[in-house]
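A.B. asks: Starting off with a structure, shown below.
Please treat every number below as a calculation from the coordinates, not as lab data. Just so we're clear, the structure is a prediction, and the values are computed from it rather than from any experiment. For neighbour counting, all protein chains shown are included, and Cβ atoms are generated from backbone atoms with ideal geometry for every residue, glycine included.
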Amino acid sequence: MVHFALLARSLLLIGRPLLTANSVTCSSLKRRRFHILRVKFMTPGLAYSPNCLEEKKRRRIACINVIYSIIIGPSLALETNTHDDPRNGESTHRSSKKPKISSQFITESDIRDEFSHHHPRVARINNGSFGSCPGSVLAAQRHWQLQFLRQPDAFYFNSLRDGITASRKIIKDLINADHVDEVSLVDNATTAAAIVLQRIGRSFAEGKFQKNDTVLMLHCAYEAVKKSIQAYVTRAGGSVIEVRLPFPVNSEEEIISELKKSIDEGKSNGRRIRLAIIDHITSMPSVVIPVKELVRICRAEGIEQVFVDAAHAIGSVKVDVKEVGADFYVSNLHKWFFCPPSVAFLYCNKSTTSSDLHHPVVSHEYGNGLPIESSWTGTRDYSSQLVVPAVLEFVNRFEGGIEGIMKRNHDQVVKMGKMLVESWGTNLGSPPEMSAAMIMVGLPSRLCLNSEKDALKLRSHLRDCYEVEVPIFHQVPKDGEEGVRDKDGFITGYVRISHQVYNTLEDYEKLRDAINQLVEDGKTCKMLFKE
């Protein structure tokens, strides 16, 4: 076994200190969480003394830093000098190219360790709502947070902008954008929707659009997007056309047909559709939309601008903004791409957008372009925007990288969905090819789920009494349609199950057994209460 004190002394003789001492002391170093091995330096040149010289402190920190780098990797090494750290985006040798995927793939034990901070008893089958973040990325986030707290001014002037640019470069490559200036990092998809819709609202308010012109969206668009349309567009005189999404859905052609009908309605009476908002993956109910075909139809019909709300996309389906062809495309990085909450990218096609896109929070960067405006909206925690390189390291520990994770999650969520369908005698809400890492599964009709209130009661009951976390969707039958039946009646409720790398078969068995128990006990949603 290597004697670490001798190793440290040997490395120090090479003369490659990684840090400056500043105010770090031996006692503070001993208290660090990552001091896994209790290394005692027995050589006289490194012995601790309360009155040690700065040179000895510098050598001691450099020694510990080297050992940390050897034992647990450079990402957790101590740092006090920000100017030479390539993670800050300031190295002239930085490359935003995707690193090679490791030949030593992550193990199931490693995955359990990465997500050991999850509640050990809860079956988390709802990655779609808030996402998940592995421990190694949380450690990288903590590194950035401490760097800011240690010396805020140096962080702001020397590190923040370049660190965010480094993250934007990675996203630019992942989504096949032409230029990094087309990529901005914002809090979430809701913020991105506000950026795009306030621009549309200004055009109505300033008379650039006619009062009877309209915005088109799917009827199941995210509620925050609907509220943004209300706040920015309808208040300024614009109107809204909703595309009715069929559900359960059997084919992409059903969605395409409904879009064409709504476009005809939107263009009636001389109106113009100024913006189409299309989901890539709808939230509730969850369905993968044929977004490329819908964008193509919008272009052919003369719709001026297309905004794709892809909150659930990156990390669960392939994202190629050139293939999609939209003017604006947003996806959350904290849902399926393992970033801590909250961060999203907003792509704005450089050839079709102008300089009047602005962040809704106005700071002193106003007018410098959306990517710069978004990189500083005042004093706040920017660490979630800075950890994208650490996320890329994490996903590339999996066989196939992010593509391998997407395939794994899709295959498993379909498998688990079919297992639940077989047990409950119900149905899937869409064909497997129209799902990504989430899929809708019909609930037994005997639960009598007849309202949104019933859905919320059942969800709360599963959480509080069975330690299962899963969203519940109430399906309102269309007029004149009977809907899908099981052996006892019409199916009016669905669970939206997710699969992420931390999920296990036991999570879904726990949900299966809980629903079966409720049915066996003759319980209906009206009989449930929050305990």
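A.B. asks: Placing one identical point scatterer on every Cα of the stretch 418-489 and ignoring solvent, what is log10 I(q)/I(0) from the Debye formula at q = 0.16 Å⁻¹?
C.D. replies: Calculated log10 I(q)/I(0) at the listed q: -0.65.
A.B. asks: Now for a separate question. Mind listing the phi-derived Karplus ³J(HN,Hα) values for the stretch 458-467, rounded to whole Hz, using 6.51, -1.76 and 1.60 with θ = phi - 60°, and x for any glycine or proline?
C.D. replies: 3J(HN,Hα) across the stretch 458-467, in whole Hz: 5, 4, 5, 5, 5, 5, 7, 9, 10, 6.
A.B. asks: As I understand it, the dipole of the stretch 361-418 uses +1 on the Cβ of Lys and Arg and -1 on the Cβ of Asp and Glu, about the Cα centre. Which of Ser383, His410, Asn368 lies farthest toward its positive end?
C.D. replies: My answer, from the dipole projection, is His410.
A.B. asks: Starting at the first residue of the stretch 174-179, write each ³J(HN,Hα) from the Karplus equation 6.51 cos²θ - 1.76 cosθ + 1.60 with θ = phi - 60°, in whole Hz, x for Gly and Pro.
C.D. replies: For the stretch 174-179, the Karplus curve yields 5, 9, 6, 7, 7, 9 Hz.
A.B. asks: Separate question: By DSSP, what percent of the beta bridges with both residues in the stretch 143-395 are antiparallel, rounded to the nearest 5?
C.D. replies: Working: 10 of 28 bridges.
So the antiparallel bridges amount to about 35 percent of the total.
A.B. asks: What are the ³J(HN,Hα) values, in whole Hz, obtained from phi via the Karplus relation 6.51 cos²θ - 1.76 cosθ + 1.60 with θ = phi - 60°, for each residue of the stretch 231-242 in sequence order, with x given for Gly and Pro?
C.D. replies: 6, 9, 9, 5, 5, 8, x, x, 10, 10, 10, 9
A.B. asks: Picking from Ser251, Phe307, Ala205, whose Cα lies most toward the positive end of the charge dipole for the stretch 143-395 (charges on Cβ: Lys, Arg +1; Asp, Glu -1)?
C.D. replies: After comparing all options, I get Ala205.
A.B. asks: A follow-up question, please. Given the Cα-Cα distance of Asp110 and Glu482 and 0.36 nm per residue of separation, how much length would full extension add, in nm?
C.D. replies: The Asp110-Glu482 span can extend by a further 129.1 nm.
A.B. asks: Mind checking the dipole of the stretch 424-474: about its Cα centre, +1 per Lys or Arg Cβ, -1 per Asp or Glu Cβ, Debye to the nearest 20?
C.D. replies: Values: 5 positive and 6 negative charges, 36 e Å.
I would put it at about 180 debye.
A.B. asks: Moving on to the next point. Got a sec? Which residues in the stretch 150-172 would a label at Thr379 touch, if it sits 7 Å along Cα→Cβ and we count backbone N under 20 Å?
C.D. replies: Inside the label zone: 150-161.
A.B. asks: Hey, what D do you get for the stretch 344-446 in µm²/s if you plug the Kirkwood alpha-carbon radius into Stokes-Einstein at 10 °C and 1.306 mPa s?
C.D. replies: Answer from the Stokes-Einstein relation: 89 µm²/s.
A.B. asks: Determine the dipole magnitude for the stretch 436-531: charges of +1 sit on the beta-carbon of Lys and Arg, -1 on that of Asp and Glu, nothing else is charged, the reference point is the Cα centre, and the result goes in debye to the nearest 20.
C.D. replies: 220 debye
A.B. asks: May I pose another question? With a Förster radius of 51 Å, plug the Cβ-Cβ distance of Leu505 and Arg202 into 1/(1 + (r/R0)^6) and report the FRET value to the nearest 0.05.
C.D. replies: With R0 = 51 Å, the Cβ-Cβ based efficiency is 0.50.
A.B. asks: For the stretch 143-395, compute the number of Lys pairs whose alpha carbons are separated by less than 20 Å, excluding pairs fewer than 8 positions apart on the same chain.
C.D. replies: Summing the qualifying lysine pairs gives 20.
A.B. asks: Got a sec? Charge dipole of the stretch 421-500, +1 on Cβ for Lys and Arg, -1 for Asp and Glu; which of Thr492, Ser435, Tyr466 is way out at the positive end?
C.D. replies: It is Tyr466.
A.B. asks: So, one more: Cross-link partners among aspartates and glutamates for Lys407, C-alpha distance below 18 Å, same-chain residues fewer than 8 apart left out?
C.D. replies: Result set, ordered by chain and number: Glu108, Asp320, Glu399, Glu433.
A.B. asks: Based on the alpha carbon coordinates of the stretch 143-395, what radius of gyration and maximum Cα-Cα distance (Dmax) apply, in Å?
C.D. replies: Radius of gyration, then largest Cα-Cα span, for the stretch 143-395: 18.4, 62 Å.
A.B. asks: Additional query: Once Rh is set to the Kirkwood radius over Cα pairs, what Stokes-Einstein translational diffusion coefficient, in µm²/s, holds for the stretch 401-527 at a temperature of 10 °C and a viscosity of 1.306 mPa s?
C.D. replies: Approximately 106 µm²/s, per Stokes-Einstein.
A.B. asks: Mind listing the Cα extents of the stretch 183-261 along all three principal axes, in Å, largest one first?
C.D. replies: For the stretch 183-261, the Cα extents along the three principal axes come out at 42, 33, 21 Å.
A.B. asks: Oh, and also: Mind listing the long-range amide H neighbours of Ser435? Cut-off is under 5 Å, sequence gap 5 or more, other chains count too, H placed in the peptide plane at 1.01 Å from N.
C.D. replies: Amide H to amide H, under 5 Å and 5 or more residues apart or across chains, Ser435 pairs with Val288.
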